[in-house]
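Every read-out reported here was derived from the displayed coordinates using simple, explicitly stated rules and does not represent laboratory data. Just so it is clear, the structure is predicted and the values come from calculations on it, not from any experiment. Note that we place each Cβ from the backbone using ideal geometry, even for glycine, and neighbour counts take in every protein chain shown.
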Amino acid sequence: MVEIAPSILSADFARLGEAIAAVERGGAGLVHVDVMDGRFVPNITVGLPVVRSLARATRLPLDTHLMIEEPGRYAEQFVEAGAQMVSVHVEADAHLHRTLAAIKSKGAQAGIAINPATPLSALDEALPFADYVLLMSVNPGFGGQKFIPTSLDKVRRLRRMIDERSLETRIEIDGGIDKSNIAEIAAAGAEIIVAGTAVFGEDDPAHAVRELLNAAVQWA
Ligand code: DX5
Ligand code: ZN
C-alpha cells in the first residue's frame, strides 16, 4: 500500500493549518516536515516549536526529516514535540545505532535518510534497527528539484536488500516526485512517497493528493 506524505516545505508557512486540513481531506497518510539547520544542508527551515503546533493541528502522523548535523542531540526532542516518525541522515550521524534506538525508546518510528550519492552499502549494519529508509531522490535542501533518474534503480536494489534479509523496513522516497513518475516509483518498491511541489504547488492541494494516489496505483 502506498501512502502520500505531503511536504509542508512547499506550503505557505503563514497558513500551515489550512494546508494540512486540505491534504487530510485529500487522503494524505502522513505529513512530512523538513527540518534544516543551514549546516548539513544550505537552507534553514523549521524546528521544534513548529512541530509542537502541527501536532496539535492534525491527527495525521508527523514524519520529521532531520537534515541537521549531530541529529542525536535533537532526535528525542522531536518525538517529545509530537513526531511519530523521525529520520536522521546516515551522513550526519557517527552514532546512528544509538540515535535510532533513542527514537524508538521514546515510542516513535526511526528512519535512516540517505543522500543520492551515498551508496546503499552505508546502510548495511544499521538497516535492522530502522523502521524505514528515506531515500533521497534529489540533493536535500530545497523543494522543486528534478528527480534523479538513477534513484529508481536504487529503490529496486534497496527493496531487494530488505526482502533478502526478511526485514519489515519500509521505503520512503523524497524529491522530485509528481504524477508523471509516481507509478514507476511505487512499482519499484517505495511505500511512502513524499511530494512537496506536486501538492502545494497546485491550486487545490486536496485534489493533488487524490491524483497522486490514483496515479500511484496505476502500476498494480
Ligand atoms: C528536500 C526535502 C523534500 C522536499 C521535496 O530537501 O527533503 O522533502 O520538500 O520537495 P519536492 O517534492 O518539491 O521535490
Ligand atoms: Zn524531506
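Before moving on, here are some points about what is shown:
- Low-density loop cleavage sites - GluC sites (Glu not before Pro) in the range 117-220, where at most 14 other Cβ are within 10 Å (DSSP): E125, E168
- Anisotropy class of the range 1-40 from Cα gyration tensor, a/c 1.5 cut: oblate
- Built amide H within the under 5 Å cut-off of A113, gap 5+: V88, H89, V90, L134
- Label positions at M1 and V217, each projected 7 Å from the Cα along the C-beta direction, are separated by 1.2 nm.
- Between the range 7-56 and the range 165-220, the alpha-carbon center distance in angstrom: 17
- Taking trypsin sites (Lys or Arg not before Pro) in DSSP loop conformation with at most 12 other Cβ atoms inside 10 Å as exposed sites, the chain has its longest uninterrupted site-free stretch at 60-145.
- More than 14 angstrom apart: percent of Cα pairs within the range 105-170: 59
- Relative contact order [Cα under 8 Å, 6+ residues apart], the chain, whole percent: 22
- When DSSP beta bridges are restricted to pairs lying wholly in the chain, around 5% turn out antiparallel.
- Using Cβ point charges alone (K and R +1, D and E -1), the dipole size of the range 65-220 about the Cα centre works out to roughly 280 debye.
- Extension gain, K106 to K179, is 22.7 nm, computed as 0.36 nm per intervening residue step minus the present C-alpha separation.
- Residues of the range 116-139 with amide N under 15 Å of a point placed 7 Å along Cα→Cβ from E168: 128-133
- Kirkwood Rh, angstrom, the chain [1 / mean 1/r, Cα pairs]: 17.0
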